[in-house]
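Working notes, beginning with the structure itself.
Read the figures in this text as sums done on the coordinates, not as results from a lab. The shown structure was predicted, so the numbers you read here are calculated from the model rather than taken from an experiment. Positions of Cβ are backbone-derived with ideal geometry, glycine not excepted, and every protein chain shown enters the neighbour counts.
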Amino acid sequence: MPEHTTSPSAPSSPTRRHHHIGGEQVEPASGAWFESHNPATRATLYLAARGDATDVDRAVRAARTAFEDPRWRDLSQTRRGHLLRRLGDLVAENADELAHTESLDNGKLLREMRGQLASLPEYYWYYAGLADKIQGDVIPTSDRTVLNYTMREPLGVVGAITPWNSPLTLTTSKLAPALCAGNTMVIKPSEHTSASVLRLAELVEEAGFPPGTVNVVTGFGAEAGQALVDHPDLAKISFTGSTGTGSRIAANVAARFLGSTLELGGKSPNIVFGDADVDNAAMGVVAGIFAAAGQTCIAGSRVFAHRSVYDELLEKVAARARTIKIGDPLDAATELGPLAFGDQRDKVAGYVDLGRSEGARVLTGGRASDGGGLGGYFYEPTVLVDVDNDMQVVREEIFGPVAAVMPFDHEDEVVALANDTEYGLAAGVWTRDLGRAHRMANRLDAGTIWVNTYRAMSPMSPRQGFKNSGVGVEHGQETIKEYTRLKSVWINT
Ligand code: NAD
C-alpha cells in the first residue's frame, strides 16, 4: 500500500490562505480570492488571497520597516547566521509536511519532493556559514595618511517572483542569500502554487527573524507581480520564470536603474558520444527530460546521439519511457505525475501536434493521459524523432515530458547544433574520453555543464544562465554580490 494516496474528492469548504505580511495573516484588500487545484485530480485544494497593488504596497512597507528595525539592522552578522541555521533546521524538521504540501499543489512526485527537501536545509546552513564572512577590503592608497576601505551593505527590500515548478527550492535560492546579506523580502509566488511558500514564511518567523523580514503576497502575475515590479521602494527584483516575462521585467527595471537577477528558460542539449556508456547515458537522458514531468528549466529536451549509438540509445530511452508509471504523485510507485495545470498540459499537447505537422515522428507517447483514472492533467512521456534543430518544437521551450532526439556525426557539428539556440542554461555530455569532456566544457555555450551526470546541483556551486536564460548568479559565494552594494570610504587621518 502506498504511504499516501490522493483522494479525488474535493473538500467541501476550502481553506483560505491569506497573505503573510508583517508577521500576520492578512486578508486581500480587494476581498477577492482564487482557487488553487490539485493537478492530479482537479480537486480544489484551497483559496488563495488575490493580491493587488494595495496588498503589495502594504507588504513592501512592512519589509521596509523591518529593514530599518534595529532588531534586524543592528543584528550582528554572526547572529544573522544563527537565524539562518535555525531556519534550515526548521525546514528539515518540517520537510515531510512541506514536501506533501508542494506535491499536492504542483503535482510533483512526493518521492522527488522528499529528495529535494532532504537537501533544501543545506542552502540555509550554507548561507548561515557565510553571513559573518561578508566583508570589505582595505584598499592601498598612494598617501599613507589616507585610509580607503570598502563595505558590503545590504540593498534594502528585495522583491522575489517565482514560478510553480519548484516553489520552495527556487524561493530558497533567493531568500537564503538575501537574508544572509541583511535584506528583507517580499515574495510573490506563482498563482498556481502559493501554499508551500506561505508555510515557509511562517517558519522564517518561528526561526526568530523579526516580523516583516519576509512577506508573501499571493496572486496573479499581471496584478500582484506587476505591482511588485513597479513598486518605487524596491531595491532589487530577483525573478525566476519564463524568458518572455523576464524580458518585460528587465525592460521595466532597467529604466529605473534597479538591480535584477533573472533566472529564465532553457532548451538544454544532452549529448551522447559514441564512446559513452550507453546504458548510463540512456538513464541520464530519461532523468534529464522526464523528471518532474519535464517541468524543469534545465530539462535536457534536445538529445543529440552520435550515429554509431543512435539506434541503441533510442531503443533504450523509448523502452524506458514506455514503462514509466504514470499516476498519483503521492504514491511511491509512481514515476511521472501530472503537468501543474490544465493550460500547461494543453501547451504540451499543442507542441507535440505542432511537431507532427512539422514532420516529426512520435516514437512513443504523444497523448494525454488520465493518470490511471485520477482525471488530472497528465501527458505521456514522449520521444520525437525525425526532427531537426530548425523545427519550432526543437527550438522553443515546451516545459513538459517531450524529448527530441537527433543523430550527429562529428564533434564540431554537435557543438554547433547544441549552441544554435537562444538559450544557454545547461548542457549534458556523455563520454568516456576525458579530453573530449574538457573540450566540450570549453565549447558549450551554457552556464552549467554536466559530464556523465545530469541535474547535479549544490548551494555551494554558482549557476548562471547564459544568453536568454538569465542575468546574474544564484548559489555559491558569488550570489552575495547580487544582494549587497559596495561602498568606498576615504578617511584623511
Ligand atoms: P512565468 O514567467 O509565467 O511566471 C513566473 C512568475 O512571474 C509567476 O509568479 C507569475 O505570476 C509572475 N508574472 C507573470 N507575469 C508577470 C508580470 N507581468 N510581472 C511580474 N510578475 C509576473 O513562468 P512560469 O510559467 O511560472 O514558469 C516556467 C518558466 O520558468 C519556464 O520558462 C522555466 O524554464 C522557468 N524556470 C527557470 C528556472 C531557472 O533557474 N533558470 C527555474 C525554474 C523555472
### Query
How about Lys267: which lysines have a C-alpha closer than 28 Å to its C-alpha, ignoring those fewer than 8 places off in the same chain?
Lys108, Lys174, Lys188, Lys236, Lys316, Lys325, Lys347, Lys467, Lys481
## Note on the structure
Any GluC sites (Glu not before Pro) in region 419-493 that lie in a DSSP loop and have at most 15 other Cβ atoms within 10 Å would be Glu422
## Note on the structure
As a percent rounded to 5, the proportion of antiparallel DSSP bridges among beta bridges in the chain is 45
### Message
Please compute the Kirkwood hydrodynamic radius of region 376-433 from all pairs of different C-alpha atoms, in Å with one decimal.
### Response
13.3
#### Entry: Per-selection Kirkwood Rh - the chain (Cα, Å, 1 d.p.)
23.5
#### Entry: Selected from Gln25, Leu87, Asn183, residue furthest toward positive end of dipole (the chain; charges at beta carbon)
Asn183
#### Entry: For region 343-442, average projected area of the Cα convex hull in nm²
7.8
### Task
For region 135-272, go through all pairs of different Cα atoms, get the mean of 1/r, take its inverse, and jot down that Kirkwood value in Å.
16.6
### Task
Enter the angle in degrees (range 0 to 90, nearest 10) between the Cα long axis of helix 167-180 and the first principal axis of the Cα atoms of the chain, meaning the one along which they spread out most.
30
## Note on the structure
In degrees, nearest 10, the alpha-carbon axis of helix 342-358 is tilted away from the dominant principal axis of the alpha carbons of the chain by 40
### Query
Per-residue HN-Hα couplings for region 222-233, Karplus 6.51 cos²θ - 1.76 cosθ + 1.60 at θ = phi - 60°, whole Hz, x for Gly and Pro?
6, 9, 4, x, 4, 4, 5, 4, 7, 5, x, 9
### Message
Once you order the gyration tensor axes a ≥ b ≥ c over the Cα atoms, which shape class does region 288-332 get: rounded for a/c under 1.5, otherwise prolate or oblate by comparing a/b with b/c?
### Response
oblate
### Query
Using the alpha-carbon atoms, what tilt in degrees (0 to 90, nearest 10) does helix 434-443 show relative to the longest principal axis of the chain?
60
#### Entry: region 52-104 shape via C-alpha gyration tensor axes, a/c threshold 1.5
oblate
### Task
For region 1-124, state what percent of all Cα-Cα pairs lands in each successive 5 Å bin, counting from 0 Å until the bin that includes the largest distance.
2, 9, 12, 14, 16, 18, 15, 8, 4, 2, 0
### Task
Go through Phe273, Phe34, Leu384 and say which Cα lies farthest out towards the positive end of the charge dipole of the chain; charges sit on Cβ, +1 for Lys and Arg, -1 for Asp and Glu.
Phe34
